[in-house]
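Below: the structure, in structure tokens.
Readers should treat all values here as calculations from the given coordinates under stated rules, not as data from a laboratory. Keep in mind the model is a prediction, meaning the values are calculated, not measured. When we count neighbours, we look across all protein chains shown, and the Cβ atoms used for this are built from the backbone with ideal geometry, even at glycine.
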Amino acid sequence: MIAEFEIQGQDFKRAGEACFEIKNRLKRLGIPPGIIRRVATAAYEAEVNVIVYAHKGTLRVNLDDRCVEVTVIDVGPGIPDVEQAMQVGYSTAPPYVKQLGYGSGMGLPNIKKNSDWMDIQSEVNRGTTLRFKVNLNESPKKDG
Amino acid sequence: MGEEEGNAGGVLLALKEDRCVGCTHCLRVCPTEAIRVRGGKAQRTPHRCIDCGECVRVCPWKAWAVEVDPWERALEKGGAVAVLDPAVFAQFGDRAFPPDILRAFGEIGFSRAKDLGEGLFLYRRAVRRYLSSGRATLPVISSDCPAVVHLVQVKFPSLLENLVPVASPFEIMARQLRKEFRGGGEQEMYSIVPCLAKARAATETRIPDGAYHRALPILDLYSSLQARLHRQAGKGFPEPGKRSSIPGLEWAIPGGQTRALGLGASLLVDGVKEVEEVLELAENGRLEKVPFIEAWTCRGGCLGGSLNVRNPFWARFELSSRIGANDAGDRDFPGAGEAGEDGEDYFLESPLSPRTGMRLDENLQVAMQKLRRIDEVIKKFPGIDCGSCGSPSCLALAEDVVQGYALETDCISVLKEVKTLEAATEKGASERRPPKSKKKRR
């Protein structure tokens, strides 16, 4: 494991801090820029999801010789229909969140787009575990 | 680029050791943590330095100084051509108009002085072509400020593909002038610059014929030029409008580039910390709908360059009154870039490469071990980022310790603990000692 962060629900002011740390660490390790960008984009979305929807969460980053793996475990309402949540533009975010510029229904699709593998396990009224991997070998998927 | 320490274009950022008191001002403002205080003096790691000039600006002791090779003698042999950054025209007060300033350059020994207008015009055309080519990755980041380019290379390598891959207006101008001079004898090219970054960029060209022999800061020419201009003054004001403007002045003011490019909206940011914040957002994938980022590491754009003379906001006021409607427009340069040339001629052949200054180790496994050790070491530090150890933050000290550049006891908090412990041990030991030795110590 190379990093672990606690994220508080509704803490909009600190959105991006975990992502900032992850990037810093990956840069220190000399991970290729394109990989860092994909991890950063996906991790930012995951971080914001915890802030917008959950009570609290933990974000962990693991690294081996093949991939960067990010695991986000939150305590929160859970996602009743994961497939629906994966649809572009689908969002259950309240209006005040949308006014802040979040909750446009791009979060999970963006994580999928920027990762090479993604998995969501969710239990309503308990919480959600999101995992995604970005391969270290430059993947065929286009950046961003 | 910029990896080598040295005398870039005859302009060198160096520490005047006798002035440096080892305070922590520069340490704190350096955006790439390139500075450490060791043995009571500041030191700079060249491969991390992006030439932003923040250390020069902030130093209360004027210890970070820009040394310039003597230039008066060099001009005596003749044939020197000066190319002036638009910021130059904002330094000499409301009575000095662009033609007067260009003439003053002649009087101090240049055989010719040119404004950057034509270079800006051709640069603009190349950038427009790039923006409409469909090849651009959003957000496109302006590469006109060389310190922004260096910042991306050192800290945001994933955004290299977003930088405009076009040679700088100075490089383009040098190439144009060399075409004009072809066959006409040896010419020494000088760029007259407002900042360190442009000084360094002057001798490091990325296109053929784009280099300058030397860069000269406005600051170093100022008194000589001002003396000539003063002599000219009193001849009355020039007729309004006609002499007051030259194309390209607008580029010295933040937002000028966006307007000149004909872009309706851009994300405009100046100041090195502010640019960093925006680049963070871009790296997190937040700015993919932003078409263009006009970024300057100096607050107030090039008028805020650390080698200028006049207060940047005052300079902006005076320059604003000079900017004509005819800003580097097509009609100003009807002949520019003729003979089958188009914007693509100024595209960079090879992509900009990252600089590895932030990396812990070449080997990933070793780098990971180091990262873990940093996490351990930092627990011993108080987290107050006081800078007394000579590193910019507790985290930077932890990194320096792991890299072997510093000791844990460089931290005064750690040192105090060690000393207290030592004293306690000593006290314990001395109490057990026979009274004889105790007497001896008194």
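Structure notes:
- Here the protein assembly as shown is treated with +1 on each Lys and Arg Cβ and -1 on each Asp and Glu Cβ, and its dipole about the Cα centre works out to around 2300 debye.
- Overall form of the stretch B:364-432 per C-alpha gyration tensor (a/c, 1.5; a/b vs b/c): prolate
- Cα-based Rg / Dmax (Å) for the stretch A:3-135: 13.9, 42
- Bins of 10 Å from zero: percent of alpha-carbon pairs in the stretch B:55-184: 10, 27, 33, 24, 7
- When the Cα positions of B:V29, B:I50, B:L12 are compared along the charge dipole of the stretch B:11-68, B:V29 comes out farthest toward the positive end, with charges on each C-beta of Lys, Arg, Asp and Glu.
- When both bridge partners sit in the protein assembly as shown, DSSP labels roughly 65% of those beta bridges antiparallel.
- Here the label points at B:R112 and B:E349, each 7 Å from Cα along the C-beta direction, are separated by 2.6 nm in the simple model.
- For chain B, built as a Gaussian network whose Cα springs stay under 10 Å, the top-fluctuating residue of B:F181, B:F89, B:F170: B:F181
- Spherically averaged projected area of the convex hull of Cα atoms, the protein assembly as shown: 36.0 nm².
- Counting only Cβ charges, +1 for Lys and Arg and -1 for Asp and Glu, the dipole size of the stretch B:11-68 around its Cα centre is about 160 debye.
- Rounded if a/c under 1.5, otherwise prolate or oblate - the stretch B:129-228, Cα gyration tensor axes: oblate
- Calculated mean residue ellipticity at 222 nm for chain B: -11000 deg cm²/dmol, from DSSP H runs with n ≥ 4 weighted as -39500 (n - 2.57), summed, divided by the residue count and rounded to 500.
- Nearest-ten-degree value, helix B:117-131 long axis tilted from longest Cα axis of chain B: 70
- Chain B: projected area of the alpha-carbon convex hull, averaged over directions, in nm²: 28.3
- If R0 is 51 Å, the Cβ-Cβ spacing of A:D64 and A:N125 corresponds to a FRET efficiency of close to 0.90.
- Multiplying the residue separation of B:K289 and B:E76 by 0.36 nm and removing their Cα-Cα distance gives an extension gain of 71.3 nm.
- Qualifying GluC sites (Glu not before Pro) in the stretch B:108-196, DSSP loop, other Cβ atoms within 10 Å at most 13: B:E186
- Among the listed pairs B:K41/B:K62; A:K113/A:K133; B:K41/B:K380; B:K114/B:K179; B:K379/B:K416, a Cα-Cα separation exceeding 18 Å is found for B:K41/B:K380.
- Shown for the stretch B:11-68 is the translational diffusion coefficient from the Stokes-Einstein equation, using the Kirkwood radius over Cα pairs, a temperature of 20 °C and a viscosity of 1.002 mPa s: 192 µm²/s.
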